């Protein structure tokens, strides 16, 4: 269950800190909004993919029988 919670929380973190879609904007090395989005997009996508993997792993482990 903790992996499911970790996947959900980390997904929410990466969504919230995304400069384009999120509502918490982090400081960027440039003042241009388009450059900030371009710089952060790869990290956001990798973070969301990792969060989805952890979430799916946690859900898969919940469906397994205990020995």
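Quick note: the coordinates plus some simple rules give every number you see, no bench work behind them. All values reported here derive from a predicted model rather than from experimental measurement. Every residue, glycine among them, receives a Cβ derived from its backbone with ideal geometry; neighbour counts consider all protein chains shown.
Assorted remarks:
- Label-to-label distance, residue 52 versus residue 12, with points set 7 angstrom from Cα along the beta-carbon direction: 2.0 nm.
- Cα-based equivalent ellipsoid of the chain: semi-axis lengths in Å, sorted from largest, via gyration tensor: 32, 10, 6
- Computed from Cα atoms, the angle from the helix 2-16 axis to the main principal axis of the chain rounds to 10 degrees.
- MRE, 222 nm, helices only [DSSP H, n ≥ 4, -39500 (n - 2.57), over the chain, to nearest 500]: -24000 deg cm²/dmol
- Seen against the Cα atoms of the chain and their longest principal axis, helix 33-63 is set at about 0 degrees.
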